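Enquirer: Questions regarding the structure given below will be posed in turn.
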Amino acid sequence: MLNAEISLRRGEVVAVTGQSGSGKSSLLYCLAGVLPVARGQVYFEGRALGDLDDEELSALRRERFGFVFQYGELLPELTVEENTALPLRLAGQRKAQALAAAGDVLGRLGLADLRQRRPSQVSGGQSQRVAVARALVHQPAVVFADEPTGSLDSANAAAVLEEFLSLARSQGTAVVLVTHDADVAARADSHYAMRDGVLALRTREAS
């Protein structure tokens, strides 16, 4: 990336659009501390990610960040409830408490009846809702979403996005949303466009 500057506030939803290969997914992974930045720095709550060691970065991504991917990336051997509870379990929370929290989030997303099913037993739209629940169950500070509705039809995409953004905003989670869909970007508080590694803030009129 040649020039990318972005900032986030609690509960804010930021969309990043651009053509394939423009660098938007790379930006997402740099912001999440998955990829290092060649120049400049990424700060989270006043700390430079470049100053953290691997263990500190892993803990940050596990405890303070959430992730939603285009195809959900659920673990097939776990139930819907267990997939959702995974971030809490990885953070050391007891199973009963983690499953209870997972059940609460699944209920808010209309998935309470699917708790004991496995990913192969739910639809694409339901699977993506589970991925959203998993990303939000531990009430992270930031969720990084890479084309979270790109694999869904328009009706399911709109429903999943509505639930995702509503729940994120209600618990004060900031969202960085990478998408190629202008309609999805229009739901965000801020819209950035990336082209050839250069990021520019777009006004409502321009977007």
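The values are calculated or read from the model by the stated rules, or taken from the named source; none is laboratory data. Being a predicted model, the structure only gives us computed values, none of them experimental. When we count neighbours, we look across all protein chains shown, and the Cβ atoms used for this are built from the backbone with ideal geometry, even at glycine.
Enquirer: What do you reckon, is ARG64 basic (Lys, Arg), touching a residue at least 60 places away in the same chain (Cβ under 8 Å) and farther than 22 Å from GLY150 by Cβ?
Expert: yes
Enquirer: Just one of the numbered conditions (1) surrounded by 17 or more Cβ atoms within 10 Å (Cβ to Cβ); (2) touching an Asp or Glu at 6+ places or on another chain (Cβ under 8 Å); (3) modelled with pLDDT of 90 or more is not true of LEU109; which one?
Expert: (3)
Enquirer: What's the total number of residues in segment 81-106 that are surrounded by 19 or more Cβ atoms within 10 Å (Cβ to Cβ) and either of a type in the set (S, T, N, Q) or in a loop (DSSP other than H, G, I, E, B) (or both)?
Expert: Here the count works out to 2.
Enquirer: Take the residues of segment 1-55 that are of a type in the set (Ser, Thr, Tyr) and closer than 19 Å to ARG202 by Cβ: which is nearest to the chain's Cα centre (by Cα)?
Expert: Restricting to residues being of a type in the set (Ser, Thr, Tyr) and closer than 19 Å to ARG202 by Cβ, the top hit is SER25.
Enquirer: How many residues does segment 1-17 hold that are part of a loop (DSSP other than H, G, I, E, B), at pLDDT 80 or above and either over 24 Å from ARG169 (Cβ atoms) or of a type in the set (A, V, I, L, M, F, W, C) (or both)?
Expert: 2
Enquirer: Can I ask one more? Looking at VAL198, VAL178, can you tell me which residue is of a type outside the set (Phe, Trp, Tyr) and crowded, with 19+ Cβ neighbours inside 10 Å?
Expert: VAL178
Enquirer: What number of residues within segment 150-179 satisfy the criterion of being of a type in the set (A, V, I, L, M) and assigned to a helix (DSSP H, G or I)?
Expert: Looking only at that region, the number is 9.
Enquirer: From the list ARG169, ARG129, ARG187, ARG115, exactly one residue is among the charged types (D, E, K, R), surrounded by 22 or more Cβ atoms within 10 Å (Cβ to Cβ) and in contact (Cβ under 8 Å) with a residue 24 or more places away in the chain. Which is it?
Expert: Among ARG169, ARG129, ARG187, ARG115, only ARG129 is among the charged types (D, E, K, R), surrounded by 22 or more Cβ atoms within 10 Å (Cβ to Cβ) and in contact (Cβ under 8 Å) with a residue 24 or more places away in the chain.
Enquirer: Residue pairs, Cβ under 6 Å, 6 or more apart or interchain, first in segment 34-48 and of a type outside the set (S, T, N, Q), second outside any loop (DSSP other than H, G, I, E, B). List them.
Expert: LEU35/TYR29; VAL37/CYS30; VAL42/LEU31; VAL42/LEU49
Enquirer: Of the numbered conditions (1) in contact with a Leu (Cβ under 8 Å, 6 or more places away or on another chain); (2) within 28 Å of LEU60 (Cα to Cα); (3) at pLDDT below 90, GLU147 satisfies every one except a single condition; which is it?
Expert: With respect to (1) in contact with a Leu (Cβ under 8 Å, 6 or more places away or on another chain); (2) within 28 Å of LEU60 (Cα to Cα); (3) at pLDDT below 90, GLU147 is out only on (1).
Enquirer: Among the residues of segment 143-160, is any under 18 Å from the mean Cα position of the chain (by Cα), over 23 Å from ASP189 (Cβ atoms) and in contact (Cβ under 8 Å) with a residue 60 or more places away in the chain?
Expert: yes
Enquirer: Additional query: Go through (1) over 20 Å from VAL143 (Cβ atoms); (2) outside any loop (DSSP other than H, G, I, E, B) and name the single condition GLN41 misses.
Expert: Among (1) over 20 Å from VAL143 (Cβ atoms); (2) outside any loop (DSSP other than H, G, I, E, B), the lone unmet condition for GLN41 is (2).
Enquirer: Taking the stated definitions as given, is GLN171 at pLDDT below 95, over 22 Å from LYS24 (Cβ atoms) and under 12 Å from the mean Cα position of the chain (by Cα)?
Expert: No, not satisfied.
Enquirer: Given (1) more than 30 Å from VAL37 (Cβ to Cβ); (2) more than 17 Å from the chain's Cα centre (by Cα); (3) assigned to a helix (DSSP H, G or I), where does LEU78 come up short, assuming only one miss?
Expert: (3)
Enquirer: Answer with yes or no whether VAL122 is within 15 Å of the chain's Cα centre (by Cα) and surrounded by 14 or more Cβ atoms within 10 Å (Cβ to Cβ).
Expert: Taking the combined requirement at face value, the residue does not satisfy it.
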